[in-house]
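Asker: Sharing a structure with you now.
The values are calculated or read from the model by the stated rules, or taken from the named source; none is laboratory data. For clarity, every value in this text was computed on a predicted model and none was experimentally measured. With ideal geometry, Cβ positions are generated from the backbone for all residues, glycine too; neighbour counts draw on all protein chains shown. SASA here: full protein model, heavy atoms, side chains in, ligands and nucleic acids out. Shrake-Rupley method; radii C 1.70, N 1.55, O 1.52, S 1.80 Å.
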Amino acid sequence: MEFSELLEQAGGAGLFQTLLLLTFILPCFMISFHVLLENFSASVPGHRCWTQLLDNGSVVPANITPEALLTISIPPGPNWEPDQCRRFRQPQWQLVDPNATTSSWNEADTEPCVDGWVYDRSTFTSTIVMKWDLVCSSQGLKPLSQSIFMSGILVGSFIWGLLSHRLGRKPMLSWSCLQTAVAGTGTTFAPTLLIYCGLRFVTAFGIAGIFLSALGLMVEWTTTSRRAVTLTVLACSSSAGQAALGGVAFALRDWQTLQLAVSVPFFAIFLISWMTAEGLMQVVGRLGGMMSPLILMSRQALPLLPPLFYGVISIASSLVVLFFLPETRGLPLPDTVQDLESQKSTAAQGNRQEAVAVESTWF
């Protein structure tokens, strides 16, 4: 008997499948943030060359306007806007004359932006383009970082598929969440573009593992008739994350703050996935083992804490269990599939007898 058939006979869907789906909605919601993140963190703002007259207030003449300073410092570009990649070697004072023409200067009077650039920070206060000057001759490095990120997803999809087959999907899911959290947070503090691209690759590698493990577990633990619904819910959560990223990006206009905001939640997702893999009761048991000595040590300062911890909470827990475990309600747990089928047939027969009795009474 295949597992899917066994799952069908066991009821098909229940509380476990519902909790599993709810658990995977958050990772699918968050991974779309990283996929589209550089649309905002790598946005190219308006920019021009740094010049002595424009950007060093101590040498600006008092009787000249900022527009005139821009005219004599920055040559016009192809669309007659200030050139973004070149500046005049020396201020072209003759251009202040309203009758000046383009023949008043030539290309030899200009030079590249040897002192850096000045960026428009009205939309984003900081991006990786501003941090590493990925403009003009270096503008090709900007799409390179996104290409490296996508290659990380490609390689990760292949590697995580093999590892999940050998080691299991749940351990790989937990490791992928931790890897994404650590690498994504580390990207915030990358000192160079090379390290930034490397950490983005590692982040993408982990994202591929999260996506594959979540989809694989949902497919395996969901019956055929309900797979389309569950996968649609996960896809919609990913789309919702893409829609929400725009609002988050314009609320957090600094790329490092944005990078941190979309990476730190994966530490919480790692804890959730680890609890899913290890079992909630094992986690609670381990926490109880760590807390018990501390509770005993605190009884001098808080005398009521040990009785409360060991007495009241234990009684309350037993009362909660009383209403949920089948054994405490006189319902034996099935040991085999045959026992489960027997319970179902008995319950169905009892329902039919009850229906007959009701109909007879009504008649």
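Asker: How about the stretch 44-74: which of its residues are modelled with pLDDT of 75 or more, under 24 Å from residue 123 (Cα atoms) and of a type in the set (S, T, N, Q)?
Answerer: Correct list: 51 only.
Asker: Determine the pairs where a residue that is within 30 Å of residue 112 (Cα to Cα), located within the stretch 138-164, has a partner that is open to solvent by less than 40 Å² (accessible area, probe 1.4 Å) and among the acidic types (Asp, Glu) with Cβ atoms under 7 Å apart, the partner being 6 or more residues away or on another chain.
Answerer: Going by the 7 Å Cβ cut-off, the qualifying pairs are 145/38; 146/38.
Asker: Also, quick follow-up: Can you name the condition, by its number, that residue 155 falls short on among (1) open to solvent by less than 10 Å² (accessible area, probe 1.4 Å); (2) under 30 Å from residue 135 (Cβ atoms)?
Answerer: Exception for residue 155: condition (1).
Asker: Output the number of residues of the stretch 190-213 satisfying the condition of being over 30 Å from residue 165 (Cα atoms), hydrophobic (A, V, I, L, M, F, W, C) and without any contact (Cβ under 8 Å) to a residue 40 or more places away in the chain.
Answerer: To start, the set of residues in the stretch 190-213 that are over 30 Å from residue 165 (Cα atoms) comprises 190-196.
Going one step further and asking which of them are hydrophobic (A, V, I, L, M, F, W, C), we end up with 190, 193-195.
Add one more test, that the residue is without any contact (Cβ under 8 Å) to a residue 40 or more places away in the chain, and what stays is 190, 194-195.
Here the count works out to 3.
Here is a yes/no grid of residues against (1) assigned by the TED database to the domain that holds residue 148; (2) at pLDDT below 80; (3) within 26 Å of residue 179 (Cβ to Cβ):
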site	(1), (2), (3)
211	yes, no, yes
217	yes, yes, yes
220	yes, yes, yes
238	yes, no, yes
296	no, yes, no
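Asker: Can you say whether residue 270 is open to solvent by 40 Å² or more (accessible area, probe 1.4 Å) and not assigned by the TED database to the domain that holds residue 166, as far as the supplied structure shows?
Answerer: Yes, satisfied.
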